[in-house]
Amino acid sequence: MAPASPDPRARRPGIALVSISRLQTLCETVAPRYTDRARFYAVREGYGAAVAALQTYVESGAVDVVLAAGSNGAYLRENLSVPVVTVKVNGFDVLSAITRATTTWPDQPLGLVLHETVSRELDDLGQLLKIRIHQRAYRSADEVQHAVDTLAEQGCKVIIGPGMACDFAQQAGLEHVFLYSLGAVEEAFERSVELARVSREKESKRMRLNTIVAHMRDGVAAFDDNGQLEAVNPAMFTLLGVDAERVATQGARQFELTRKLGPMLRELSESGVAIEERLAHIDGRAFITSCVPIYEHGMRAGAVVTVQDAQMAQRIDRSLRTTQRPKHLVARHELSELVGDSPQIEKVRRLARAGAPHDATVLLTGESGTGKELVAQGIHNASARRGNPFVAFNCAALPEGLIESELFGHDEGAFTGARRGGKAGLFEIAHTGTIFLDEIGEMPAAMQTRLLRVLQEREVMRLGSGRAVPVDVRVIAATHRDLNALVAEGRFRADLYFRLNLLQVTLPALRERRDDIRLLAATLLSRNAAQYKLDMGASGPILQVLSPLFERYDWPGNVRELENLLVRAAIYLDNDAVRHAQTLHEVFPELQRLRPGSMPSHEVRREVRREAMHGDGLGRDVVTRETAIAALQASGGNRAAAARALGIGRTTLWRLMKSAT
């Protein structure tokens with residue numbers, strides 16, 4: 001058997017009929033006609049007593065609309081959270097009542113009691129019909145008594161007015177005519193039933209909306225165009241510190257939320273401009289708030305307010321920036337990778353490790369190829385920002401216009417060719433991490449100004465955007481230029497220089513720490529072996545072949561040049577490096593650029609002979625093929641100079657080079 005259909009009457013809206021006198025009779029007459037469309041509750045109290053009696057109905061959701069009349073209806077409208085419909089007196093009702101009064105008591109002065117205002121047209125009508133009519137208006141129950149007494153003093157024998165006025169007239173011995181007609185009550189019932197139906201539908205929508213937003217972390221509240229609360233989720237109460245049990249009623253919720261969110265609602269109502277992602281303080285706490293209008297059929301029908309905990313937003317922002325950053329933006333090197341035991345490199349390590357735990361800006365100076373980026377990565381990995389982005393940017397690599405877009409980002413449509421949807425700049429990408437600005441001395445003057453503002457304000461503004469984005473970034477800058485000289489020449493901003501030059505680390509040139517070269521060369525060979533598929537068995541001969549460079553070459557390219565030479569040697573030479581001695585000057589033209597006179601010929605001879613000594617302790621000066629190769633290397637491939645250093649002829653040297661080992 002199919003399940004029974006739910007009784008449609010169970011979904012009927014509820015209407016409270018509030019009357020303290022004769023209006024109740026008319027309401028009881030009309031109500032049975034609408035029982036299939038609404039449920040009715042009779043309340044025979046007025047004003048404050050009626051509010052108290054209705055409160056239970058309203059809190060339980062039984063009553064959707066209240067029907068009342070006159071000042072009683074006005075009072076209830078001010079003190080209840082549900083709509084109040086009042087029985088309205090129209091011109092026909094007034095004329096009908098006057099007709100009944102003049103027909104029953106002809107030639108008697110009439111007193112008319114109306115709510116709030118009197119009708120000037122009736123004065124003119126009274127003169128035209130030769131009817132004496134005196135009018136009085138009332139706004140409260142006390143004023144009704146006063147109006148009746150005043151009309152009686154003016155000689156009125158018949159009082160026309162609402163039920164309370166008729167009751168006072170009867171007590172004073174005056175005739176009376178009830179002002180409200182059956183048609184006016186019927187019209188009020190129609191409005192009440194329709195409004196109750198709409199209110200019930202709105203309540204149903206509100207409950208559905210509440211269900212949808214109930215599990216959102218952000219606070220959400222919807223208000224209609226009259227400022228009435230339509231929907232709210234539990235997160236809003238939690239965020240605003242509202243006790244949900246204490247504000248269980250709709251009226252209490254309305255009061256609490258309006259008190260806290262009222263300024264935004266009023267601003268939206270007055271300006272019509274949406275409030276989006278504004279930082280606001282409510283009861284001493286920081287929130288990110290929005291207040292946007294709701295439009296229905298082109299007309300504003302209300303507003304939605306969202307509230308987000310500012311600290312939670314910061315955590316989400318950090319999480320998104322971390323998870324969405326490119327995977328390659330990581331620092332691979334540690335400070336422990338700085339190879340060498342010289343005092344110069346020990347000083348670099350010491351200063352870098354001391355400054356790493358702090359968020360102070362670091363300026364790395366030194367010639368190209370001395371390892372400034374390695375030190376920058378090492379500082380990042382030795383800091384609390386380890387694991388967060390490390391973004392490197394060469395300030396000399398791009399034109400000025402592209403530098404601005406690359407560093408600070410742009411919004412969609414900011415310029416011709418701008419990426420759809422905009423693009424985050426490197427400062428935004430480096431949020432919570434480190435940005436390494438290499439070749440900072442080459443940065444254009446206009447970009448220096450923008451960079452200075454970022455360092456001062458810790459926020460960036462994309463091209464084409466009017467909104468600043470906060471960034472939490474540590475800046476490490478590097479240059480091979482003399483920034484002091486650039487400042488003196490007016491080519492670098494002094495204030496930017498002083499902002500960058502908080503912690504300074506100067507990297508020594510390779511020629512200034514020659515004691516580290518052999519150890520550094522061995523480390524670099526080992527590091528590059530896997531990348532270039534090198535034979536590590538050849539490392540000894542390679543280092544032997546390049547040993548003259550270690551002591552007598554100026555290394556203009558510093559560590560980078562050393563690494564390149566080592567890789568070149570490993571690729572071109574095998575472990576029988578001596579066999580390639582004749583072509584060394586072709587593979588390594590650097591050998592021809594050894595400093596002139598860096599080692600006298602007799603020292604070269606002594607060195608070669610020492611290396612040529614047999615291991616039997618006899619100390620014989622025997623020239624071998626190996627010593628010949630060493631002499632040839634020391635002379636930069638000059639055979640005549642090598643022969644002179646060895647004390648042999650050029651022919652003998654040639655035979656040694658051609659002979660077997």
Condition check: closer than 24 Å to Ala137 by Cβ and either at pLDDT 90 or above or of a type outside the set (Phe, Trp, Tyr) (or both). Does Leu17 satisfy that?
no
Looking only at the stretch 133-147, count how many residues are free of Cβ contacts under 8 Å to residues at least 60 places away in the same chain, more than 14 Å from Leu179 (Cβ to Cβ) and exposed (fewer than 15 other Cβ atoms within 10 Å of the Cβ).
2
Is it true that some residue in the stretch 339-347 is free of Cβ contacts under 8 Å to residues at least 24 places away in the same chain, in a helix (DSSP H, G or I) and of a type in the set (Lys, Arg)?
yes
Here is a list of conditions, (1) in contact with a strand residue (DSSP E or B) (Cβ under 8 Å, 6 or more places away or on another chain); (2) outside the structural domain of Thr150 (by TED's automatic domain parsing); (3) farther than 22 Å from Thr258 by Cα, and Leu174 meets all of them except one; can you say which number that is?
(2)
Whichever residue in the stretch 469-490 is outside any strand (DSSP E or B) and in contact with a Phe, Trp or Tyr (Cβ under 7 Å, 6 or more places away or on another chain) and, among such residues, is modelled with the lowest pLDDT
Val471
All conditions in (1) touching a helix residue (DSSP H, G or I) at 6+ places or on another chain (Cβ under 9 Å); (2) part of a helix (DSSP H, G or I); (3) assigned by TED's automatic domain parsing to the domain that holds His146 are true of Leu114 except (2)
Of (1) within 20 Å of Leu195 (Cα to Cα); (2) out of contact with any Ser or Thr (no Cβ under 9 Å at 6 or more places or on another chain); (3) loosely packed, with under 14 Cβ neighbours inside 10 Å; (4) among the aliphatic types (A, V, I, L, M), Val18 satisfies every one except (3)
By residue number, the members of the stretch 182-200 that are modelled with pLDDT under 85 and within 30 Å of Glu153 (Cβ to Cβ) are none
Quick one: Val220 ticks every box in (1) outside any helix (DSSP H, G or I); (2) touching a Lys or Arg at 6+ places or on another chain (Cβ under 8 Å) bar one, so which box is it?
(2)
Which listed residue, of Arg77, Arg139, Arg120, is of a type in the set (Lys, Arg) and in contact with a strand residue (DSSP E or B) (Cβ under 6 Å, 6 or more places away or on another chain):
Arg77
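Filter the stretch 24-64 down to the residues that are under 54 Å from the mean Cα position of the chain (by Cα) and in a loop (DSSP other than H, G, I, E, B) and list them by number. Spell out how you get there, then give the answer.
Let us first name the residues in the stretch 24-64 that are under 54 Å from the mean Cα position of the chain (by Cα), namely 36-41, 43, 46-64.
Once the filter is applied, which keeps residues that are under 54 Å from the mean Cα position of the chain (by Cα) and in a loop (DSSP other than H, G, I, E, B), the stretch 24-64 yields Asp36, Arg37, Ala38, Gly46, Gly61, Ala62, Val63, Asp64.
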Just to be sure before I move on: is Thr416 modelled with pLDDT under 85, of a type in the set (Val, Ile, Thr) and surrounded by fewer than 17 Cβ atoms within 10 Å (Cβ to Cβ) in the structure I sent?
yes
If you go through the stretch 449-468 one residue at a time, how many are assigned to a loop (DSSP other than H, G, I, E, B) and out of contact with any helix residue (DSSP H, G or I) (no Cβ under 9 Å at 6 or more places or on another chain)?
5
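Tell me the residue from Leu483, Leu507, Leu524, Leu502 that is in contact (Cβ under 8 Å) with a residue 24 or more places away in the chain, touching an Asp or Glu at 6+ places or on another chain (Cβ under 7 Å) and either of a type in the set (A, V, I, L, M, F, W, C) or within 17 Å of Thr449 (Cβ to Cβ) (or both), please.
Leu524
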Can you confirm whether the stretch 97-106 contains a residue that is surrounded by 14 or more Cβ atoms within 10 Å (Cβ to Cβ), of a type outside the set (S, T, N, Q) and in contact with a Lys or Arg (Cβ under 9 Å, 6 or more places away or on another chain)?
yes
Suppose we keep only residues that are surrounded by fewer than 17 Cβ atoms within 10 Å (Cβ to Cβ) and in contact (Cβ under 8 Å) with a residue 60 or more places away in the chain within the stretch 200-221. Which one would you say is nearest to Arg11 (Cα to Cα)?
Glu203
Of the residues that make up the stretch 222-237, is at least one of a type outside the set (Phe, Trp, Tyr), modelled with pLDDT of 80 or more, buried (at least 16 other Cβ atoms within 10 Å of the Cβ) and farther than 30 Å from Ala62 by Cβ?
no
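Out of Arg11, Arg44, Arg39, I need the residue that is out of contact with any helix residue (DSSP H, G or I) (no Cβ under 6 Å at 6 or more places or on another chain) and exposed (fewer than 12 other Cβ atoms within 10 Å of the Cβ). Which one?
Numbers: Arg44 fails: exposed (fewer than 12 other Cβ atoms within 10 Å of the Cβ); Arg39 fails: exposed (fewer than 12 other Cβ atoms within 10 Å of the Cβ).
On inspection, the qualifying residue turns out to be Arg11.
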Residue check, Val84 against (1) in contact with a Phe, Trp or Tyr (Cβ under 6 Å, 6 or more places away or on another chain); (2) at pLDDT 85 or above, all met but one. Which one?
(1)
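Which one is farthest from Gly155 (Cα to Cα), of the residues in the stretch 118-144 that are β-branched (Val, Ile, Thr) and assigned to a loop (DSSP other than H, G, I, E, B)?
As a first pass, look at the stretch 118-144 and keep what is β-branched (Val, Ile, Thr): 118, 131, 133, 144.
From what's left, assigned to a loop (DSSP other than H, G, I, E, B): 118, 131.
Working: Val118: 19, Ile131: 13 Å.
Only one residue tops the list, namely Val118.
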Just one of Arg481, Arg513, Arg453 is touching a Gly at 6+ places or on another chain (Cβ under 9 Å), surrounded by fewer than 18 Cβ atoms within 10 Å (Cβ to Cβ) and basic (Lys, Arg); which is it?
Arg481
Qualifying strands (runs of 3 or more DSSP E) (wholly inside the stretch 263-312; at least 1 residues being within 14 Å of Asp225 (Cα to Cα))
285-296, 299-309
Checking Ala384 against (1) among the hydrophobic types (A, V, I, L, M, F, W, C); (2) in contact (Cβ under 8 Å) with a residue 60 or more places away in the chain; (3) closer than 24 Å to Gln456 by Cβ; (4) in a loop (DSSP other than H, G, I, E, B): exactly one of these is not met. Which one?
(2)
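The values are calculated or read from the model by the stated rules, or taken from the named source; none is laboratory data. Remember, it's a predicted structure, so these values are computed and weren't measured experimentally. Cβ sites come from the backbone with ideal geometry, for glycine too, and all protein chains shown count toward neighbours.
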